[in-house]
Amino acid sequence: MNILVVDDEKFNLRMAQELIKENIIDSQVFLCSSPENVMQKLEEHNIDIVLLDIIMPNINGIDILKSIRSQKKYKDIQIIMFTGITDKESFKLCFENGANDYINKPINFTEFIARMKASAKARKNLLSLIEMNDTITQQYQKLQAITQELKDTQFNLIQKEKLASLGEIAAGIAHEINNPIGFISSNLDTMNRYSQKIRNMIISYRKFVQLAAEKTITREQLMQEKDVIDDMDRKQKIDFVLDDLNTILLESTEGTDRVTKIVQSLQTLAKTGTENEMTYNDLNQIVEECLLIVKNETQCVAEIDKQIEGQLYLLCNKGQIGQVILNILLNAIYAVKSLHLSLLGKITVKTYASKDYVVCQISDTGSGIKEEHLSRIFDPFFTTKDVGNGVGLGLSVAYDIIKKHGGEFYVASEVAKGTSFTIKLPANGSDSYYAK
Ligand SMILES: Nc1ncnc2c1ncn2[C@@H]1O[C@H](COP(=O)(O)OP(=O)(O)OP(=O)(O)O)[C@@H](O)[C@H]1O
Ligand SMILES: [Mg+2]
């Protein structure tokens with residue numbers, strides 16, 4: 001402990017020095033009889049305690065006290081006023097300006113030692129507090145780094161889960177896309193043949209027009225030529241070709257529309273979801289897109305009872321909400337499929353607005369959830385599915401997303417009867433409405 005004693009009287013300095021050395025363990029005493037040098041001594045010796053005389057020639061101890069305290073780095077050192085003054089006003093002034101204690105002069109040994117010891121103890125406590133604070137700050141920083149790492153891990157898990165969902169439904173999506181692509185391609189073949197026929201007809205008509213313009217040709221020859229063309233028209237079934245052309249063009253346009261929709265839905269879902277991109281979206285449109293993605297999975301498993309109407313706007317991250325609905329739908333399909341029934345099950349998808357919220361409820365007639373599992377289904381990696389069928393992240397990721405949106409997530413289930421998931425999301429100022 002470094003202690004600086006400031007006094008213009010050498011006798012007091014020596015006396016203080018001796019008493020401190022004898023009674024304060026591990027102390028080093030620095031003496032200062034010229035008050036002008038106090039700041040320099042503080043700087044040089046990393047002082048813990050200052051014993052400061054008040055009345056000195058040229059300079060007042062209270063002024064020195066003020067200059068010490070005016071520097072931030074000295075705000076915590078112990079300053080004890082060392083004085084023969086007894087008037088209350090001076091003491092008040094000392095304490096107001098940051099003195100920690102005072103010791104009377106002439107020195108009373110017992111009082112001096114007791115106060116110095118108390119001051120040394122206070123300083124020690126403060127130093128260990130500062131050390132503790134540094135350790136806590138360091139640990140807090142470490143904790144922040146770990147939290148960030150956890151967030152990154154969670155993000156990677158979300159990405160993995162998304163890929164898993166996409167993997168699970170990839171075959172269905174491929175089928176959904178292959179089907180229209182198949183008939184569009186066969187329509188293109190037909191159109192190719194039709195265009196050849198039409199081209200041949202046009203060549204014949206042009207030839208006829210040219211003949212008709214020649215002065216040497218007789219009307220009889222012209223009529224013969226016309227018969228040839230009419231015959232060709234009939235054989236090539238040009239009327240049918242023209243009608244059919246319309247039909248297959250319409251059909252092909254419908255096919256490309258379907259592919260475009262599926263691709264758009266996938267794009268919605270594939271959005272990373274970390275962009276925190278909050279926009280106003282129609283919940284019903286998100287539901288429609290998800291239903292389109294799982295369309296192939298539901299066929300032969302469950303009939304979809306869609307109870308959605310109009311538009312229900314809410315402020316949300318579209319990709320993330322799409323992921324939640326898709327996860328619930330995939331679970332519902334699995335639950336119905338796992339019953340291996342010969343009849344179709346039923347999945348009811350219902351949306352509605354309620355006060356400042358929009359709600360989506362997805363119910364199934366599947367296996368249901370055992371009571372002891374109900375409290376665990378939102379835990380990461382909780383799954384009752386066989387290896388390869390589920391990793392147990394779907395609902396945990398969905399739960400996080402709903403909470404992040406300020407929403408609520410409910411589940412009700414009865415074994416062998418079915419399960420119903422409800423998500424309630426704040427519309428966040430959007431004029432969500434239920435147009436009938
Ligand atoms: N509709 C449902 N019917 C019956 N059980 C369900 C239903 N939804 C969820 N569960 C139960 O909750 C568990 C956890 O669901 P979650 O979606 O988190 O994971 P998972 O479907 O098992 O795997 P993942 O979604 O990661 O592929 C499921 O394994 C299942 O036991
Ligand atoms: Mg799941």
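Values quoted throughout were computed directly from the atomic coordinates according to the rules given, and no laboratory measurement underlies them. It should be emphasised that the depicted structure is a prediction, and the values quoted were computed from it without experimental measurement. Neighbour counts run over all protein chains shown; Cβ positions are idealised from the backbone, glycine included.
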Compute the relative contact order of region 271-436 as a whole-number percentage, counting only Cα pairs closer than 8 Å that sit 6 or more residues apart in sequence.
27
Pair-distance profile P(r), taking every C-alpha pair of region 24-66, with 10 angstrom steps and integer %
24, 57, 17, 1
Find how much the distance from residue 338 to residue 263 grows on full extension, using 0.36 nm per residue of separation minus their present alpha carbon separation; answer in nm with one decimal.
24.1 nm
Among 219, 258, 376, what is the fewest-to-most ranking by other Cβ atoms within 10 Å?
219, 376, 258
Need one number: nm distance between label points at residue 131 and residue 307, each 7 Å from Cα along Cα→Cβ, rounded to one decimal.
6.8
How far apart, in nm, are the 7 Å Cα→Cβ label points at residue 70 and residue 280?
6.0
Debye calc, one equal point scatterer per Cα of the chain, no solvent, log10 I(q)/I(0) at q = 0.07 1/Å comes to -0.66
Burial ordering of 116, 201, fewest other beta-carbon atoms within 10 Å first:
201, 116
Helix-derived mean residue ellipticity, 222 nm - over the chain, DSSP H n ≥ 4, -39500 (n - 2.57), to 500:
-19500 deg cm²/dmol
Based on DSSP, what percent of beta bridges with both residues in the chain are antiparallel, to the nearest 5?
55
Would you mind computing the Rg to Rh ratio of region 271-436 from its alpha-carbon coordinates, Kirkwood style for Rh?
0.96
In region 2-107, what percentage of the DSSP-assigned beta bridges are antiparallel, given to the nearest 5?
5
Within 10 Å of each residue's Cβ, count the other Cβ atoms and sort 286, 85 from fewest upward.
85, 286
Return the tail of the calculated pair distribution for region 2-107, meaning the percent of Cα-Cα pairs more than 19 Å apart.
37
Work out how much length residue 417 to residue 34 would gain on full extension: take 0.36 nm times their residue separation and subtract the Cα-Cα distance, in nm to one decimal.
128.5 nm
